[in-house]
Amino acid sequence: MADLNDPARLAELHGAMLRTEADALLDACVARAAKLARAPIAFVSLVVRHIQLLRAHHGLPLELAVSCATSRSNSFCQLVVRDDVPLVVEDALRDKRVPKDLVESYGIRAYAGVPVRVRGHAIGSLCALDVVPRRFEPRVIQGLEQLALDVAVRLSALVERDAPLGSADVQERLVRVEQATRALERALVALAPVIAAVQGATGARPAAPVVAAHAMHATPANLRAAVGCWRDMGPVADELRDEAEAVASSVQTETTARIAGDARALAQSLAEIGPLVRLAEGVLDGTLGESAAAKGRALVLRGALEAHEAASAAVRQIRAGVERARAATGGATGGAAAP
């Protein structure tokens, strides 16, 4: 049984793999999975720390197609990743292994999912779902496993095609890491109105201080600005992570390794905030009605809130680590030369 929070597993989830833009090859894989299983729904899930991201999907209800996520704790796919073996559920209403949230909210009754593995780690699942109890023949599971290999190859290719970093010395990279971290810290504060507004609408647990402090500013204009802000954060977080990993490769110390790890966690957390932001955007743009958005929010709110808190903590840790690393490598800290 695998640890879902194993750092080595989570480290494989990064870059373009976690983005939500449509990809023709992944879309073709889920369409083939649905056809193979003769099921109305199929998707590729990526099981992160708080949220299950739906990287490609077919036949989802509108609010799930907008958010591209459910809470990890609500998902069937977490069991596929945890056990690293196929999971077949013939009647979810009677199966004690699976969470019942999707059963109750969307009538999911049958499920067949297989692991998607990258470099030996199960990062998610390729699955087919049905709204009636049923069996899945062995040939279906075998076919899904073959498709999962194609999915894994494509996800790895999406990460690898990102442009390589240009040459730079360690001090230049550390300055860029610090600048990017400060920008993301401001952006996380700007996202607080989205979370505050959703919490107020759902009666969720009390907000974190940075969220509560901005609850009064959760106007439609500010929500729209926050949505735009979040969309700009992804490339900055990816660049920060790449720079931090380059520093850790050049200067192999406990401090630089921790900066790189915190940068990876930050990028993941921003991806996990995304489902809540996309639901807010759907309501603002009229894509989603409030009742549909509320169903989607119920599945992702807790995870998105925890991700926001984790991201806020990560930026503080990165900034502190950069100050130590710059001092240790002879750079300036706080505007003055290091001793």
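The rows are residues; the columns are (1) under 23 Å from G282 (Cβ atoms); (2) in contact with a strand residue (DSSP E or B) (Cβ under 8 Å, 6 or more places away or on another chain); (3) not small (G, A, S).
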{"residue": "G15", "(1), (2), (3)": "no, no, no"}
{"residue": "E21", "(1), (2), (3)": "yes, no, yes"}
{"residue": "A37", "(1), (2), (3)": "no, yes, no"}
{"residue": "A42", "(1), (2), (3)": "yes, yes, no"}
{"residue": "H58", "(1), (2), (3)": "yes, yes, yes"}
{"residue": "A65", "(1), (2), (3)": "yes, yes, no"}
Mind checking which residues of region 51-103 are under 14 Å from L276 (Cβ atoms), part of a helix (DSSP H, G or I) and of a type in the set (A, V, I, L, M)?
-> L64, V66
Single residue of V198, V194 found to be modelled with pLDDT under 80, closer than 22 Å to E21 by Cβ, open to solvent by less than 30 Å² (accessible area, probe 1.4 Å) and among the β-branched types (V, I, T) = V194
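Output the number of residues of region 249-275 satisfying the condition of being out of contact with any strand residue (DSSP E or B) (no Cβ under 8 Å at 6 or more places or on another chain), in a helix (DSSP H, G or I) and modelled with pLDDT of 90 or more.
Selection size over region 249-275: 18.
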Of all residues in region 93-118, count the ones that are among the hydroxyl-bearing types (S, T, Y) and buried (at least 22 other Cβ atoms within 10 Å of the Cβ).
-> 1
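Would you confirm, using the coordinates I've provided, whether E104 is without any contact (Cβ under 8 Å) to a residue 40 or more places away in the chain and charged (D, E, K, R)? Steps first, answer last, please.
Details: without any contact (Cβ under 8 Å) to a residue 40 or more places away in the chain: yes; charged (D, E, K, R): yes.
For E104, the condition - without any contact (Cβ under 8 Å) to a residue 40 or more places away in the chain and charged (D, E, K, R) - is met.
Mind checking which residues of region 281-296 are in a helix (DSSP H, G or I) and open to solvent by 20 Å² or more (accessible area, probe 1.4 Å)? Give the steps one after another, and end with the answer.
Initial filter on region 281-296 (in a helix (DSSP H, G or I)): 281-285, 290-296.
Listed by number, the residues that qualify are E281, V283, L284, D285, E290, S291, A292, A294, K295.
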Using beta carbons and a limit of 9 Å, which pairs, at least six apart or on different chains, have the first residue in region 38-50 and closer than 19 Å to P133 by Cα and free of Cβ contacts under 8 Å to residues at least 60 places away in the same chain and the second one open to solvent by less than 20 Å² (accessible area, probe 1.4 Å) and not in a loop (DSSP other than H, G, I, E, B)?
-> R38/A128; R38/D130; R38/V140
Give region 119-158 a look and list any residue that's surrounded by fewer than 16 Cβ atoms within 10 Å (Cβ to Cβ), of a type outside the set (G, A, S) and modelled with pLDDT under 95, or say none.
-> R119
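Confirm whether R55 is under 15 Å from the mean Cα position of the chain (by Cα), open to solvent by 30 Å² or more (accessible area, probe 1.4 Å) and either of a type in the set (A, V, I, L, M) or under 25 Å from Q268 (Cα atoms) (or both). Break it down into steps so the answer makes sense when it comes.
Details: under 15 Å from the mean Cα position of the chain (by Cα): yes; open to solvent by 30 Å² or more (accessible area, probe 1.4 Å): no; either of a type in the set (A, V, I, L, M) or under 25 Å from Q268 (Cα atoms) (or both): yes.
No, not satisfied.
Go through the residues of region 3-17 one by one and say whether even a single one is more than 20 Å from R302 (Cα to Cα), more than 14 Å from the chain's Cα centre (by Cα) and part of a strand (DSSP E or B).
no
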Top-ranked residue in region 174-188 [being buried (at least 16 other Cβ atoms within 10 Å of the Cβ) and more than 12 Å from M233 (Cβ to Cβ); ranked as nearest to the chain's Cα centre (by Cα)] = V177
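The values are calculated or read from the model by the stated rules, or taken from the named source; none is laboratory data. Just so it is clear, the structure is predicted and the values come from calculations on it, not from any experiment. Reconstructed Cβ throughout: ideal geometry from the backbone, glycine too, with neighbour counts over all protein chains shown. Keep in mind that these areas ignore ligands, DNA and RNA; they rest on the heavy atoms of the full protein, side chains included. Shrake-Rupley method; radii C 1.70, N 1.55, O 1.52, S 1.80 Å.
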